[in-house]
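Participant: After the structure tokens below, expect a handful of questions from me.
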Amino acid sequence: MLTRKNKLIFLKLLSLFSVVRGYNILIIVFAQYLTSIFILAPQIRLRNVLLDPNLFVIVLASSGVIAAGYIINNFYDKEKDLINRPQKTMLDRLVSQRTKLTGYFVLNFLSVVCASYVSFRAVVFFSLYIFGIWFYSHKLKKFPIVGNIVASLLAITPFFAVFIYYKNFDEVIFVHATFLFLMLIMREMIKDLGNLRGDLAQNYKTIPIVYGELVSKRIVSILILASCVPIYLLLTRYEIGFMYLYFYACIILLFAFLFGLWRSKGRTHYVWLHNILKLIIVAGTFSIILIDVHMILDRILW
């Protein structure tokens, strides 16, 4: 039976996991490895990719910077989140602000140290990434359009780290990246629609506040139509194996999303829409394996 002290320790660990969005980091780790195996380095033996120390360090450094980014974002958004997500905020507050900031600096420092194992260019890359996250959290996120674009770019930056490492410049990679970027920017805009109360109270100049909900919905609708372009290209021009099943499912989900978007009237509806986009992004991570199912056995034996 857990004692009171053990329960408190458990809750603080749970709070820390919530602050750094541990579940998101785990998905990004899987995504980086699956992207490396099936898209960026399909010619390299599976065992060599999985046991590549440089790739491991890049993924580890990415995870550290992302975790630190969530911490600093939590620090700047504490008042806004108390309005928009009161239950999660109360859990997050079990860990003191001092502890969070200490964790922020330690994680960033260790990430740069890890990057130094790979190369000096990796140190520069992750140092700029750290600065970009801080500058976004401190300044840019309060501005309409710019904040959404920067947030989406920062979200795909970990994939650019492995992309640069493997030096694979195939056209199909940019098409995949474009689709992911569009999903991320839509997610950011839906978050803004759902966070109207908190953003308004904290004087955030998001698109719904500056231009109104109607304009936001129109922009998201245009982005949905724009996302059909990379989907069409991936289905007709490139070899993506059984991953075509994922993109057909995306078409159905996106049109259901579009229908729900124009019927949405409150935070609850926007949370549902946000979850649809999150499902598309997470499912996309694991559906990468469908690009070549037979490749797995071949590369294990190779």
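Participant: If a residue has to be surrounded by fewer than 16 Cβ atoms within 10 Å (Cβ to Cβ) and either touching a Gly at 6+ places or on another chain (Cβ under 6 Å) or without any contact (Cβ under 8 Å) to a residue 12 or more places away in the chain (or both) to count, how many in region 128-169 make the cut?
Facilitator: Total satisfying the criteria: 8.
Participant: Residue 143 is checked against (1) among the hydrophobic types (A, V, I, L, M, F, W, C); (2) modelled with pLDDT of 85 or more; (3) touching a Lys or Arg at 6+ places or on another chain (Cβ under 7 Å) and fails just one. What number does that condition carry?
Facilitator: (2)
Participant: Name the helices (runs of 4 or more DSSP H) wholly inside region 64-179 in which the number of residues that are farther than 25 Å from residue 13 by Cα and of a type in the set (S, T, N, Q) is 1 or more.
Facilitator: Once the helices (runs of 4 or more DSSP H) in region 64-179 are filtered for at least 1 residues that are farther than 25 Å from residue 13 by Cα and of a type in the set (S, T, N, Q), what remains is 97-118, 120-138, 146-166.
Participant: Name the residue that is nearest to residue 280 (Cα to Cα), counting only residues in region 54-63 that are touching a residue at least 24 places away in the same chain (Cβ under 8 Å) and surrounded by fewer than 20 Cβ atoms within 10 Å (Cβ to Cβ).
Facilitator: 60
A quick yes/no check of all residues on (1) of a type in the set (Gly, Ala, Ser); (2) closer than 22 Å to residue 26 by Cβ:
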{"position": "119", "(1), (2)": "yes, no"}
{"position": "124", "(1), (2)": "no, no"}
{"position": "139", "(1), (2)": "no, no"}
{"position": "155", "(1), (2)": "yes, yes"}
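Participant: Name the pairs: first residue in region 211-224 and among the β-branched types (Val, Ile, Thr), second residue surrounded by fewer than 17 Cβ atoms within 10 Å (Cβ to Cβ) and part of a helix (DSSP H, G or I), Cβ to Cβ under 6 Å, at least 6 apart or on different chains?
Facilitator: Qualifying pairs under 6 Å: 224/258.
Participant: If you don't mind, another one. Within region 14-37, track down each residue that is part of a helix (DSSP H, G or I), hydrophobic (A, V, I, L, M, F, W, C), buried (at least 18 other Cβ atoms within 10 Å of the Cβ) and at pLDDT below 85.
Facilitator: Hits for region 14-37 are 16, 19.
Participant: On the basis of being within 20 Å of residue 188 (Cβ to Cβ) and of a type in the set (Lys, Arg), does residue 267 make the cut?
Facilitator: Taking the combined requirement at face value, the residue satisfies it.
Participant: Turning to a different aspect of this structure: Take residue 66 and decide whether it is modelled with pLDDT of 90 or more, crowded, with 18+ Cβ neighbours inside 10 Å and farther than 25 Å from residue 176 by Cβ.
Facilitator: No, not satisfied.
The values are calculated or read from the model by the stated rules, or taken from the named source; none is laboratory data. Being a predicted model, the structure only gives us computed values, none of them experimental. Neighbour counts are summed over all protein chains in view; Cβ atoms, including those assigned to glycine, are modelled from backbone coordinates with ideal geometry.
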